[in-house]
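Readers should treat all values here as calculations from the given coordinates under stated rules, not as data from a laboratory. Fair warning: this is a prediction, and the values are worked out from it, not measured in the lab. Using ideal geometry, Cβ is built from the backbone for each residue, glycine included, and neighbour counts are taken over all protein chains shown.
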Ligand SMILES: [Fe+2]
């Protein structure tokens, strides 16, 4: 399926701190309809990028504010639902209060253009982190679970390094090595390249 990526800039806030971040936003699908993954920071940029394509829904890889903050406003704008794993409910509420979302579950599938998008629950960076596998495209949208150069950050609240390593070893690295990894921040990588370095990541502790 068509996968568009663009970058927006804004603030990530947690534990009373604030950091400037660039987020990768993904739009999956063609003229028949799209899912928006992690719309971040700039609603107008997201709407421009759609170029009029109808929106079927918004899928969030997790509920850190930089990934989820725009979701309620865009969901209302397009008349669609937000899909989020419920184990991130406390993070969602910190940013979006009682705004509604539909709970994601492990192994759930979306269908788009006759192709499947499979959700895998991969806790660690946050309890409700998920990744989205597009098997026909050999692509994994990894959110903040896996980056080019290592696992997502686990130094702040609700994060756990041992849990993210378990998610990588037991779920993410079971995907084919040639799978392209499109993360929530920064450059792409592959499953094979990152799986080959897992012992190094574990040894250094992040
Ligand atoms: Fe995050």
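Table: residues versus (1) touching a helix residue (DSSP H, G or I) at 6+ places or on another chain (Cβ under 9 Å); (2) within 16 Å of the ligand (Cβ to nearest atom); (3) within 21 Å of residue 152 (Cα to Cα).
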| residue | (1), (2), (3) |
| --- | --- |
| 73 | yes, no, no |
| 80 | yes, no, no |
| 87 | no, yes, yes |
| 101 | yes, no, no |
| 109 | no, no, no |
### Query
Can you tell me which residues in the range 111-134 are buried (at least 21 other Cβ atoms within 10 Å of the Cβ) and in contact with a helix residue (DSSP H, G or I) (Cβ under 7 Å, 6 or more places away or on another chain)?
122, 123, 124, 125, 126, 128, 131
### Query
What single numbered condition from (1) surrounded by fewer than 17 Cβ atoms within 10 Å (Cβ to Cβ); (2) under 18 Å from residue 140 (Cβ atoms); (3) touching a residue at least 24 places away in the same chain (Cβ under 8 Å) fails to hold for residue 67?
(1)
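Looking for whichever is under 24 Å from residue 172 (Cα atoms) and assigned to a helix (DSSP H, G or I) here; the options are 106, 88, 4. Which one fits? Spell out how you get there, then give the answer.
Values: 106 fails: assigned to a helix (DSSP H, G or I); 4 fails: assigned to a helix (DSSP H, G or I).
That would be 88, the only listed residue that is under 24 Å from residue 172 (Cα atoms) and assigned to a helix (DSSP H, G or I).
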### Query
Which one of the conditions (1) within 19 Å of residue 145 (Cβ to Cβ); (2) within 17 Å of the chain's Cα centre (by Cα); (3) in contact (Cβ under 8 Å) with a residue 40 or more places away in the chain does residue 14 fail to meet, given that it meets all the rest?
(2)
### Message
For the range 127-144, which positions are within 16 Å of the ligand (Cβ to nearest atom) and within 11 Å of the chain's Cα centre (by Cα)?
### Response
128, 129, 130, 131, 132, 141, 142, 143, 144
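Among the residues in the range 72-79, are any part of a strand (DSSP E or B) and without any contact (Cβ under 8 Å) to a residue 40 or more places away in the chain? Talk me through it step by step, then tell me what you get.
Start the filter on the range 72-79 by keeping residues that are part of a strand (DSSP E or B), which leaves none.
No, the conditions are met nowhere in the range 72-79.
Quick check on residue 95: is it part of a strand (DSSP E or B), without any contact (Cβ under 8 Å) to a residue 40 or more places away in the chain and either surrounded by 15 or more Cβ atoms within 10 Å (Cβ to Cβ) or more than 16 Å from the ligand (Cβ to nearest atom) (or both)?
Spelling it out, it is not the case that residue 95 is part of a strand (DSSP E or B), without any contact (Cβ under 8 Å) to a residue 40 or more places away in the chain and either surrounded by 15 or more Cβ atoms within 10 Å (Cβ to Cβ) or more than 16 Å from the ligand (Cβ to nearest atom) (or both).
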### Query
Which one is nearest to residue 25 (Cα to Cα), of the residues in the range 136-156 that are in contact with a helix residue (DSSP H, G or I) (Cβ under 9 Å, 6 or more places away or on another chain) and loosely packed, with under 15 Cβ neighbours inside 10 Å?
149
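Looking at this structure, is residue 147 in contact (Cβ under 8 Å) with a residue 12 or more places away in the chain, within 16 Å of the ligand (Cβ to nearest atom) and within 19 Å of residue 4 (Cα to Cα)?
Working: in contact (Cβ under 8 Å) with a residue 12 or more places away in the chain: yes; within 16 Å of the ligand (Cβ to nearest atom): yes; within 19 Å of residue 4 (Cα to Cα): yes.
The answer is yes for residue 147.
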### Task
Could you list, in sequence order, all residues of the range 27-55 that are within 15 Å of the ligand (Cβ to nearest atom) and touching a residue at least 60 places away in the same chain (Cβ under 8 Å)?
37, 38
### Condition broken by residue 164, with the remaining ones in (1) within 16 Å of the ligand (Cβ to nearest atom); (2) in contact with a helix residue (DSSP H, G or I) (Cβ under 8 Å, 6 or more places away or on another chain) satisfied
(2)
